[in-house]
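Read through the structure below, which is laid out as C-alpha cells, and then see the notes.
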Amino acid sequence: MPDGNTAFWFQQDGSVETQAPKKAKKRSDGASSNVFSMFEQAQIQEFKEAFTIMDQNRDGFIDKNDLRDTFAALGRLNVKQEEIDEMLQEAPGPVNFTVFLTMFGEKLKGADPEETILNAFKVFDPEGKGTLKKDFITEMLTTQADRFSAEEMEQMFAAFPPDVAGNLDYKNLVHIITHGEEKDQE
C-alpha cells in the first residue's frame with residue numbers, strides 16, 4: 001500500500017504508475033494520504049486532464065514555466081513572476097498530480113455548499129423564477145460587498161452567458177460552480 005508521499009502518474013492508457021520517494025518528506029499540515037477518496041473517479045479524471053494540460057513539458061510536475069505557458073495559452077501574457085511564485089508557494093513541495101489533487105481538495109473543503117450559494121441568489125429572486133437579469137446582476141456584483149471588476153464580469157458572462165432575453169439562469173450557474181457540469185433541464 002503506498003504511503004502519503006508516493007507520487008502517482010496517470011498514463012494515457014489509463015494505468016497508474018507510482019513511485020515511492022527516495023527520501024521520506026514530512027507531510028504538510030492538512031495533506032491526506034487518502035486524497036483520492038475525496039473525489040469520485042470521474043472528478044479525478046477531470047483533474048488529471050487539467051493537470052496534463054498544465055504540465056506543458058510533460059515531466060509529471062507543474063513548475064513556473066508550465067504555469068507561464070498555461071497562462072499564455074489562456075491569453076494572459078503579462079503574468080508577473082511574483083504571482084507565479086505565490087501560486088507555487090501554496091504547495092508543500094513540487095506539484096505532482098497528488099499534490100495538485102490535494103490542493104484542490106483543501107480549497108474545495110472551504111467552498112460553500114450548493115444550497116448556501118443558491119440562497120444568496122434567491123434573495124434577489126423573490127418570485128423564485130430561477131433567473132436574474134444580466135444588468136441587475138452586473139449592478140449588484142460591481143457595487144456591493146466584494147465588488148467584481150469589469151473583467152471579472154466579462155469572464156463570468158463568457159462562461160455563463162445569459163439567454164436572448166438577458167436573463168442568467170442562476171440555478172444552473174450554481175450547479176456548475178458546485179458540481180462542475182451542466183444541470184439537466186427539467
Mind grabbing the accessible area of I137 for me, 1.4 Å probe, Å², rounded to tens? 10 Å²
Under a point spin-label approximation (7 Å from Cα along Cα-to-Cβ), what is the A165-V123 distance to one decimal in nm? 2.5 nm
R0 of 30 Å, Cβ-Cβ distance R58-N172: FRET efficiency to nearest 0.05: 0.30
Toward the positive end of the charge dipole of the range 35-146, about the Cα centre and with charges on Cβ (Lys, Arg +1; Asp, Glu -1), which of T98, V123, L74 goes farthest? L74
Quote the accessible area belonging to D85 in square angstrom, nearest 10, computed with a 1.4 Å probe and with ligands, DNA and RNA left uncounted. 40 Å²
As a test of reading the structure, rank L132, L118 by solvent-accessible area (1.4 Å probe, protein chains only), most first. L118, L132
Obtain the nm distance between the two label points defined at L88 and Q41 by a simple spin-label model: each point lies 7 Å from its Cα along the Cα-to-C-beta direction. 3.5 nm
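What net charge do the residues around N167 carry, taking every other residue with its C-beta under 11 Å from that of N167, with Lys and Arg at +1 and Asp and Glu at -1?
Values: positive: K129, K133, K134; negative: D125, D135, D163, D169.
Here the count lands on -1.
Under a 1.4 angstrom probe, counting protein chains only, how are K48, K107 ranked by accessible area, largest first?
Details: K48 15, K107 125 Å².
In descending accessible area the options line up as K107, K48.
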Solvent-accessible surface (1.4 angstrom probe) belonging to F104, in square angstrom, nearest 10: 80 Å²
Stokes-Einstein translational diffusion, the range 43-122 - Kirkwood Rh over all Cα pairs, 1.002 mPa s, 20 °C, in µm²/s: 152 µm²/s
Segment A50-K107, length gained on full extension (0.36 nm per residue, minus Cα span): 18.9 nm
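The values are calculated or read from the model by the stated rules, or taken from the named source; none is laboratory data. Note that the structure is predicted; figures quoted are calculated from it, not measured. Note that each Cβ is placed from the backbone with ideal geometry, even for glycine, and that neighbours are counted across all protein chains shown. Side chains included, ligands, DNA and RNA excluded: accessible areas come from the protein's heavy atoms. Shrake-Rupley method; radii C 1.70, N 1.55, O 1.52, S 1.80 Å.
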